[in-house]
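Trainee: Got a structure for you, questions after.
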Amino acid sequence: MFNFIVRLTRNIIYFEQFLFLITYFSLKMNHEIDRDLLLKEARKALENAYSKYSKFKVGAALLTKEGEIYTGCNIENLSYGLTICAERVAFFKAVSENKRNFVAIAITSSGNEPTFPCGACRQVLSEFHQNIEIFVDKDPKTYRISELIPYSFSEKSLGN
Ligand SMILES: [Zn+2]
């Protein structure tokens, strides 16, 4: 009887592990986008913001098609014009590691209102012609980059 219970328990554990793996891989295969997780990562990234001059912190988390997350924060400079936004930091980090396929980006800030990407970041995020989903903290709506920059500078503009 004891052996039976041990065997049964072991089989239940195996079965649960099997279910977990199936769920994990099906989520990965479907590239399900976890808005809350991405916003959480953006909030963590915000903590590293170097915003000595504006005191306005921004964090971003960019999700690749493969399920990896690249984060960024705003980095200011004494020469103000050299400041870079959190979204571009995340994007450039990912691209510098040969990532080219993106599905979503979450953005958060220390402000009380939702913080949307600036015009420069919208242009950068539209680089690979992917209609990336945009999650803006404190705004429940999901936006698409095509909505935020409908007439981006494109290869067509270069005559290509
Ligand atoms: Zn920006």
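The values are calculated or read from the model by the stated rules, or taken from the named source; none is laboratory data. As the structure is a computational prediction, the values presented were derived from the model and not from experiment. For neighbour counting, all protein chains shown are included, and Cβ atoms are generated from backbone atoms with ideal geometry for every residue, glycine included.
Trainee: Name the single residue, out of those in the stretch 126-149 being away from the ligand (no atom under 14 Å from the Cβ) and of a type in the set (D, E, K, R), that is farthest from the chain's Cα centre (by Cα).
Mentor: Glu147
Trainee: Surrounded by fewer than 17 Cβ atoms within 10 Å (Cβ to Cβ), in contact with a helix residue (DSSP H, G or I) (Cβ under 8 Å, 6 or more places away or on another chain) and either acidic (Asp, Glu) or part of a loop (DSSP other than H, G, I, E, B) (or both): does that describe Phe128?
Mentor: On the way: surrounded by fewer than 17 Cβ atoms within 10 Å (Cβ to Cβ): yes; in contact with a helix residue (DSSP H, G or I) (Cβ under 8 Å, 6 or more places away or on another chain): no; either acidic (Asp, Glu) or part of a loop (DSSP other than H, G, I, E, B) (or both): yes.
No: the conditions fail for Phe128.
Trainee: Could you say whether any residue in the stretch 87-101 is more than 29 Å from Ser157 (Cα to Cα) and under 15 Å from the mean Cα position of the chain (by Cα)?
Mentor: No, the stretch 87-101 contains no residue that is more than 29 Å from Ser157 (Cα to Cα) and under 15 Å from the mean Cα position of the chain (by Cα).
Trainee: With the requirement that a residue be surrounded by fewer than 21 Cβ atoms within 10 Å (Cβ to Cβ), in a loop (DSSP other than H, G, I, E, B) and within 12 Å of the ligand (Cβ to nearest atom), what does the stretch 94-125 give you?
Mentor: Phe116, Cys118
Trainee: Could you please find all residues in the stretch 62-93 being within 13 Å of the ligand (Cβ to nearest atom) and either polar (S, T, N, Q) or not assigned by TED's automatic domain parsing to the domain that holds Gly119 (or both)?
Mentor: Listed by number, the residues that qualify are Asn74, Thr83.
Trainee: Looking at the stretch 106-124, I want the residues that are aliphatic (A, V, I, L, M) and modelled with pLDDT of 95 or more and have a partner that is in a helix (DSSP H, G or I) and more than 9 Å from the ligand (Cβ to nearest atom) with Cβ atoms under 8 Å, at least 6 apart or on another chain. Which pairs are those?
Mentor: Between residues of the stretch 106-124 that are aliphatic (A, V, I, L, M) and modelled with pLDDT of 95 or more and residues that are in a helix (DSSP H, G or I) and more than 9 Å from the ligand (Cβ to nearest atom), the close pairs are Ala106/Arg35; Ala106/Leu38; Ala106/Leu39; Ala106/Glu41; Ala106/Ala42; Ile107/Ala42; Val124/Phe91.
Trainee: Report yes if Tyr151 is in a loop (DSSP other than H, G, I, E, B) and of a type in the set (Phe, Trp, Tyr), otherwise no.
Mentor: Yes: the conditions hold for Tyr151.
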